[in-house]
Amino acid sequence: MLTNNEISELKLLLNQKKKIVITSHTNPDGDAIGSSLAMYHYLTKLGNTVNIVLPNKFPNYYNWLTDSDKILIYEKQSKLSQKLLVEAEIIFSLDYNAISRLGALTEIVLGTSAKRILIDHHIDPEIENFDYCHSTVETSSTGELIYDFITKAGDEKLIDKNIAEAIYTGIVTDTGSFSFSCNRPETYLITSKLISHGVNAEKIHKLIYDTYSENRLRLLGYAISNRMVVWEELHTALIYLTKSDLKKYNYKVGDTEGVVNYPLSMEKINMSVLITERDNKLRLSFRSKGDFSVNELAKAHFNGGGHKNAAGGKTSETIDELIDRLKTVMGDYKKQLNYIISL
Ligand code: 5GP
Ligand code: MN
């Protein structure tokens, strides 16, 4: 974490009308988008020229966030995104711990001479790749860390409704509506402040979670009825969705968000995996409840990482090969997965 002195030093830099680009990780989620927009509004208020560049598209249920239409998507606007990154004096890295999480943007960012500032809550940040790191794993979300950064910079008075809504979006999505990573009093103290700044928590819940298309809800039903495999003895369940499943339900970015959580609602299931076929690769999403670390699992076996209870990964295997390997790998963790949640 940055000390208050380091944040004051940074604040001097951020008061000099700099050209700044904010970046976040591939497959941006609510925290990636929320923390980027909160920082965007804040740094713009300080007088900087600020742009947000994300590697690929984000779900349209975040379109209501103020200025989300100004976010540049590298996949669609690569020339302009690259130009802004090359010209940037400062690059913010929000909600990711390794530059490679930028996907196609990785080499561009590594090739610029901009100062790099990381604000993030993932385990083991690549500190050697950043000039400043505001990073801790305890915090619910990067959104919460943005609030911390702005207040430590002495700028709480600059927090307006736009900033508050963006930070709240990061907190509410990264805690699954306050159902995990939600045991620190600070999260609620900050949330309380955000409500005072005009956040309408009920409305935001509806805008994010009650905006399914019929296809999205039917895809969820199909995934659970037809594509869920339960290995009770391994306390593990998986759901797989093929390219043609996704096509059948007219898949749109964000439609599989949250699907991985459903198997965990079974009492004896402590680990859940969602496998989705994307282009020529398989994407994996892992969730656990309790002590089992899916971050360790994803890092060791599936070319990924994340947090203790939520992680992701990728592989070039076929679905059948992956499911076979997963069963073998999970067999090695059988003992560790055998627990019952209790207080
Ligand atoms: P999700 O399953 O929602 O895509 O991701 C869960 C968590 O794991 C997020 O915090 C995300 O940043 C992280 N994550 C997802 N995919 C990867 C990956 O390929 N590599 C790493 N290091 N982290 C990932
Ligand atoms: Mn996050």
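The values are calculated or read from the model by the stated rules, or taken from the named source; none is laboratory data. Because the structure is predicted, anything quoted here is derived from the model rather than measured. Cβ sites come from the backbone with ideal geometry, for glycine too, and all protein chains shown count toward neighbours. Heavy atoms of the whole protein, side chains included, go into the accessibility calculation; ligands, DNA and RNA do not. Shrake-Rupley method; radii C 1.70, N 1.55, O 1.52, S 1.80 Å.
Remarks
- The residues of region 15-65 that are under 22 Å from ASN97 (Cβ atoms), among the aliphatic types (A, V, I, L, M) and surrounded by fewer than 23 Cβ atoms within 10 Å (Cβ to Cβ) amount to a single one, LEU43.
- Members of region 160-172 that are more than 13 Å from THR191 (Cβ to Cβ) and open to solvent by 10 Å² or more (accessible area, probe 1.4 Å): ASP160, LYS161, ASN162
- Subset of region 116-145 (residues that are open to solvent by less than 10 Å² (accessible area, probe 1.4 Å) and either more than 16 Å from ligand 1 (Cβ to nearest atom) or among the acidic types (Asp, Glu) (or both)): ILE117, ASP120, HIS134, GLU144
Let's see how each residue does on (1) part of a loop (DSSP other than H, G, I, E, B); (2) free of Cβ contacts under 8 Å to residues at least 60 places away in the same chain; (3) closer than 22 Å to GLU144 by Cβ:
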position	(1), (2), (3)
GLU165	no, no, yes
GLY176	yes, no, yes
SER179	yes, yes, yes
THR187	no, yes, yes
LYS193	no, yes, yes
THR211	yes, no, no
LEU220	no, yes, no
LEU238	no, no, no
GLU257	yes, no, yes
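- For region 233-251, filtered to residues that are open to solvent by 60 Å² or more (accessible area, probe 1.4 Å) and away from ligand 1 (no atom under 16 Å from the Cβ), the residue that is farthest from MET330 (Cα to Cα) is ASN250.
- Among residues of region 69-107, those that are in contact (Cβ under 8 Å) with a residue 12 or more places away in the chain, surrounded by fewer than 18 Cβ atoms within 10 Å (Cβ to Cβ) and of a type in the set (D, E, K, R), counted: 5
- All positions within region 214-230 that are over 21 Å from VAL172 (Cβ atoms) and open to solvent by less than 80 Å² (accessible area, probe 1.4 Å): ASN215, LEU219, GLY221, TYR222, ALA223, ILE224, ARG227, MET228, VAL229, VAL230
- Residue in region 290-303 that is within 11 Å of ligand 1 (Cβ to nearest atom), open to solvent by less than 50 Å² (accessible area, probe 1.4 Å) and in contact (Cβ under 8 Å) with a residue 60 or more places away in the chain present: yes
- Wholly enclosed strands (runs of 3 or more DSSP E) of region 1-118 bearing at least 2 residues modelled with pLDDT of 95 or more and closer than 20 Å to GLY254 by Cα: 19-24, 49-54
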